[in-house]
Amino acid sequence: MQTIDKRISAGLLAFWALYFSIVLLSNSADALKSLSILPTGWPFASGNYELIVKVLSIYSSPVWVAVGLFVGVILWEALGAFLFWKAFLEMIRQTPSHKVAIHRAFGITLGLWAAFLLSDEIFLAYLVGDITTTHFNLLIAELASFILIRL
């Protein structure tokens with residue numbers, strides 16, 4: 001039974017590592033498109049930069065604010081992906097610090113969802129579409145994963 005639990009925990013860590021890695025790549029491609037480094041027809045790009053610009057428009061924010069926030073999100077996602085891969089590897093190897101690595105990964109990325117939800121309220125992002133629902137669902141999914149691993 002313990003082996004199955006470890007496999008499930010490792011699988012959840014691998015899932016979140018992959019998720020944040022894919023989101024990081026998609027947002028990075030979107031940033032490269034907005035800088036005209038990638039062609040406008042490049043299919044693998046999140047579209048999140050334009051979404052940020054649209055959400056920030058409620059306060060007539062300058063473009064540099066959107067750029068700064070988007071770069072910050074990309075860096076936060078990079079850190080989250082790195083920490084989840086590290087936690088996954090430490091869990092597989094059963095290093096003495098694997099629990100710390102797991103807490104660190106979840107702590108950083110749960111903070112990202114919390115920051116998104118607070119930003120959604122500040123910028124009334126829920127008026128744009130289902131952004132807040134997506135952020136809330138991801139927060140709950142990640143919390144459920146964390147709780148399951150902790151059991």
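Just so it is clear, none of the values below were taken in a lab; they were calculated from the coordinates. In this text the structure is predicted, and so the values were computed from the model without any measurement. Note: ideal-geometry Cβ built from the backbone for every residue, glycine included; neighbour counts use all protein chains shown.
How much length is gained on full extension from residue 89 to residue 126, taking 0.36 nm per residue of separation minus their Cα-Cα distance?
Result: 9.6 nm gained on full extension.
Whole angstrom only: what separates the Cα centroid of region 91-146 from the Cα centroid of region 12-51?
Spelled out, the Cα-based centre of one part sits 18 Å from the other.
Filter the chain for me: DSSP H helices, axial length by Cα at least 27 angstrom, mean Kyte-Doolittle hydropathy not below -0.5. List them by residue number.
In the chain, the long hydrophobic H runs are 2-34, 63-93, 98-122, 131-150.
If the convex hull of the alpha-carbon atoms of region 2-150 is projected onto planes in all directions, what is the mean projected area in square nanometres?
9.5
Counting Lys and Arg as +1 and Asp and Glu as -1, each charge on the Cβ, what is the dipole of region 36-131 about the Cα centre in debye, to the nearest 20?
Approximately 400 debye in magnitude.
Taking Cα pairs under 8 Å and at least six residues apart, what relative contact order does the chain come out at, in percent?
24
Can you tell me, using C-alpha contacts under 8 Å and at least 6 residues apart, the relative contact order of region 42-105 as a whole percent?
That works out to 24 percent.
First select every other residue whose beta carbon is under 14 angstrom from the beta carbon of residue 102; then total the charges, Lys and Arg +1, Asp and Glu -1.
Cβ neighbours under 14 Å give a net charge of +3.
Measuring from a point 7 Å past the Cα of residue 136 along Cα-to-C-beta, which residues in region 100-121 have an amide N at less than 20 Å?
Under cut-off, by backbone N: 110-121.
Putting +1 on Lys and Arg Cβ atoms and -1 on Asp and Glu Cβ atoms, find which of 16, 126, 38 reaches farthest to the positive end of the dipole of region 2-150.
16
How charged is the neighbourhood of residue 125? Take every other residue with its Cβ under 14 Å from the Cβ of residue 125, and add Lys/Arg as +1 and Asp/Glu as -1.
So the environment of residue 125 carries a net charge of -3.
Around residue 50, under 13 Å between beta carbons, what's the net of Lys plus Arg minus Asp minus Glu among the other residues?
After counting each charged neighbour, the total is +1.
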